[in-house]
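**Student:** I have a structure here, written as structure tokens, and I will follow up with some questions on it.
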Amino acid sequence: ACYFLVTRGGRGGWQSLFSLGDILLNRTGIWNAFGGVRAPVTDLGLYLAKSVALALLYYCAGQLGRAIDYSEGGVRVLLPQSGCALAGILILGLRYWPSIWLGSLLVTRGAIPPMELPLSLAFAGGNTLSVVSGTWMLRRWGGFDPGLRRLYDVYSFLLFGVLFAPIAGVVITVGIFS
């Protein structure tokens with residue numbers, strides 16, 4: 001698990017340690033670093049915390065994919081950030097699409113060599129459209145349950161989330177930006 005916040009207890013020990021997943025699943029509040037007192041989390045604060053966490057997860061997954069992908073000519077074969085983005089949007093909802101866009105923009109701007117800003121914006125838009133269209137297809141046509149309890153859900157995920165979503169993202173991006 002990715003541990004997010006640690007507060008120092010009154011007697012020199014660690015008072016609380018909770019994971020990023022606990023925050024994303026709204027199991028805990030945000031803790032005050034000066035005494036371990038739970039601070040109230042507003043809806044906007046929780047939305048922003050989840051958005052930043054999802055964008056950072058996307059960025060870290062993109063860097064991981066760049067580090068382990070050994071393809072030639074700059075074309076990447078492994079895109080773990082796309083899977084993280086699709087899972088994040090399926091779990092959190094479509095209102096978190098700006099997090100995917102921001103994470104994708106950070107990944108493309110951090111490429112070696114760095115992309116020009118208009119090209120980075122186009123790639124970020126395409127990656128976001130791919131995830132949003134995949135989520136829409138899964139919910140609209142797939143009757144998808146994110147728990148993957150049925151074999152039908154696994155097949156829907158493979159068909160709409162893995163196969164059709166990237167194709168739809170590319171088609172939409174090329175159509176808009178060409």
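The values are calculated or read from the model by the stated rules, or taken from the named source; none is laboratory data. In this text, all values refer to a predicted model and were calculated from it rather than measured experimentally. Neighbour counts are summed over all protein chains in view; Cβ atoms, including those assigned to glycine, are modelled from backbone coordinates with ideal geometry. For accessibility, only protein heavy atoms count, side chains too; no ligands or nucleic acids. Shrake-Rupley method; radii C 1.70, N 1.55, O 1.52, S 1.80 Å.
**Student:** If you go through the stretch 113-124, how many residues are assigned to a helix (DSSP H, G or I) and surrounded by fewer than 17 Cβ atoms within 10 Å (Cβ to Cβ)?
**Tutor:** Residues in the stretch 113-124 being assigned to a helix (DSSP H, G or I) and surrounded by fewer than 17 Cβ atoms within 10 Å (Cβ to Cβ): 3 in total.
**Student:** Continuing with the same structure: Which of the residues spanning the stretch 99-122 are more than 14 Å from the chain's Cα centre (by Cα), within 21 Å of V171 (Cα to Cα) and in contact (Cβ under 8 Å) with a residue 24 or more places away in the chain?
**Tutor:** Residue satisfying the conditions is A122 alone.
**Student:** When the residues of the stretch 125-144 are narrowed to those that are modelled with pLDDT of 85 or more and either of a type in the set (D, E, K, R) or open to solvent by 80 Å² or more (accessible area, probe 1.4 Å) (or both), which ends up farthest from L90 (Cα to Cα)?
**Tutor:** R140
**Student:** While we're looking at this one, here's another question. So which residues in the stretch 145-156 are on the phi < 0 side of the Ramachandran plot and either open to solvent by less than 40 Å² (accessible area, probe 1.4 Å) or over 17 Å from the mean Cα position of the chain (by Cα) (or both)?
**Tutor:** D145, G147, R149, R150, L151, Y152, D153, V154, Y155, S156
**Student:** Is the stretch 100-110 home to any residue that is small (G, A, S) and in a helix (DSSP H, G or I)?
**Tutor:** Yes, the conditions are met somewhere in the stretch 100-110.
**Student:** Step by step: first the residues of the stretch 48-79, then only those that are within 20 Å of M115 (Cα to Cα), open to solvent by less than 50 Å² (accessible area, probe 1.4 Å) and in a helix (DSSP H, G or I), then the one that is modelled with the lowest pLDDT. Which residue is that?
**Tutor:** G65
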